[in-house]
Every structure is written in structure tokens, then in C-alpha cells.
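**Student:** Have a look at this one before I ask anything.
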Amino acid sequence: MRKNIKIPRILKINWIKGLSISVVYNNGESRIIDFRNVLLKIGVEENSPGSILFNQDEFEKVEIENSTLSWSNVEQYITVRNNEKVKVPFEIGADVLLKYSQTEKSTAVLKIGKLIREWRLRSGLTQQELAIKSGTTRNYISRIENDRSGIELATLIKIVETGLGKQLDMSIK
């Protein structure tokens, strides 16, 4: 039986710096893709149409099409059934983009872990004690404090208000 693999879709481009792009996937994760590495790994050579993407001005013409990154400025053609050549955009599959990307740490997530640790220590609690009070596990508290796990809002409220006995105050800037 064939396994159904779910590959996240790209929703937004956060930023482009040089030949690197930060994107947001539909699973909420931000990832950084170093395209100098990707283009070399997938075999884009100097004489191929995709080689213009090594030029930063051309590279920055990227758009999101069909939930992946696409460059219509690359002169690339395919031959269809009646032997007619049709121009198509240069696209790299979401599976390849995911494989060659790295998680981008959100500054908000980094701050949350640091704040939870700081308030846990101020309250004189161990990770185990905070986990018991908030209905989570010590391992989960450790992962949050060490920025190795994201946190859902409901769980954050539970840890702050039930576990630490504090009030959560949030703002969007």
C-alpha cells in the first residue's frame, strides 16, 4: 500500500537576502532556503536556463505559484504532445525545498522560552514541578525553555496562568 506523504505548502516569502529566502509554510513553520546550495545540488549548470538565478536581481523575481517558489523570468520550455514548445516557469518542488531548508527561529519563540525559564526560576520551581502544575511533561517544559519546541497558545496560557500563577498579557505590534 502506498503511503500518503503530506508536504507543507509555501504561503509567504518573509525576506530575500542574497540567494537565501525565508518562507512560511502552511504548518506555521518559517524556514530558510539557501538557493546557492539548492541550485548546485539539483544540478543547475552555467549553460542551463536556471543559471540566471545565480544573479541576485534575477533571483529576486521569485513568486509563489501553486504553493511553491517559481521564476517566470527563466527561459525554460517543454515540448507538448503536438511537438509545440511551451514556456514554463522554473519551479523547484516543495519536497526539495523542504529537504534543503533549515528552521528559522522566531524571535518571539526564543523570548517565550527564556521568559518561561526566568519566571519558573523566580517562582522556585523545577521543570518537573512546573510540568505537574500545568499538566504537561518535564521534557516538554525543557524543550520550550531550550527553544526546541513551539508552543500552542492554550498550552502557553496553561503554563503561565496555572503553572506559574501569573497573568499572560500579549500584544501585537
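The values are calculated or read from the model by the stated rules, or taken from the named source; none is laboratory data. Given the structure is predicted, the values throughout are model-derived calculations rather than measurements. So basically every Cβ, Gly included, is an ideal-geometry build from the backbone, and we count neighbours across all protein chains shown.
**Student:** Suppose the filter is within 27 Å of the chain's Cα centre (by Cα), assigned to a helix (DSSP H, G or I) and closer than 30 Å to Arg9 by Cβ; does Leu98 pass it? It would help to see each step written out before you state the result.
**Tutor:** Numbers: within 27 Å of the chain's Cα centre (by Cα): yes; assigned to a helix (DSSP H, G or I): yes; closer than 30 Å to Arg9 by Cβ: yes.
Answer is yes for this residue.
**Student:** Now a separate question. Go through segment 120-165 and count every residue that is assigned to a loop (DSSP other than H, G, I, E, B) and among the hydrophobic types (A, V, I, L, M, F, W, C).
**Tutor:** 3
**Student:** Further question: Quick one: which of Ser123, Ser101, Ser134 is closer than 26 Å to Ile32 by Cα and at pLDDT 85 or above?
**Tutor:** After ruling out the rest, the residue left standing is Ser101.
**Student:** Given (1) more than 24 Å from Ile151 (Cβ to Cβ); (2) among the charged types (D, E, K, R); (3) modelled with pLDDT of 85 or more, where does Arg31 come up short, assuming only one miss?
**Tutor:** Only one criterion is unmet by Arg31, namely (1).
**Student:** How many of the residues in segment 127-153 are under 23 Å from Glu104 (Cα atoms) and not polar (S, T, N, Q)?
**Tutor:** Within segment 127-153, residues that are under 23 Å from Glu104 (Cα atoms) and not polar (S, T, N, Q) number 11.
**Student:** Going through segment 158-173 one residue at a time, which ones are exposed (fewer than 15 other Cβ atoms within 10 Å of the Cβ) and out of contact with any Lys or Arg (no Cβ under 8 Å at 6 or more places or on another chain)?
**Tutor:** Result: Glu161, Gly165, Lys166, Gln167, Leu168, Asp169, Met170, Ser171, Ile172, Lys173.
**Student:** Then there is this: Given the criteria touching an Asp or Glu at 6+ places or on another chain (Cβ under 9 Å) and farther than 30 Å from Ile151 by Cα, does Pro8 qualify?
**Tutor:** no
**Student:** Can you name the residue in segment 29-87 that is of a type in the set (Ser, Thr, Tyr) and outside any loop (DSSP other than H, G, I, E, B) and is also surrounded by the fewest Cβ atoms within 10 Å (Cβ to Cβ) among such residues?
**Tutor:** Checking each candidate, the answer is Thr79.
**Student:** Just to be sure I understand the filter: pairs with C-beta atoms under 9 Å, separated by 6 or more residues or on different chains, first member in segment 60-87 and under 17 Å from Arg31 (Cα atoms) and free of Cβ contacts under 8 Å to residues at least 60 places away in the same chain, second member buried (at least 16 other Cβ atoms within 10 Å of the Cβ) and small (Gly, Ala, Ser). Which pairs pass?
**Tutor:** Val62/Ser70; Glu63/Ser70; Ile64/Ser70; Ser67/Ala94; Thr68/Ala94; Leu69/Ala94
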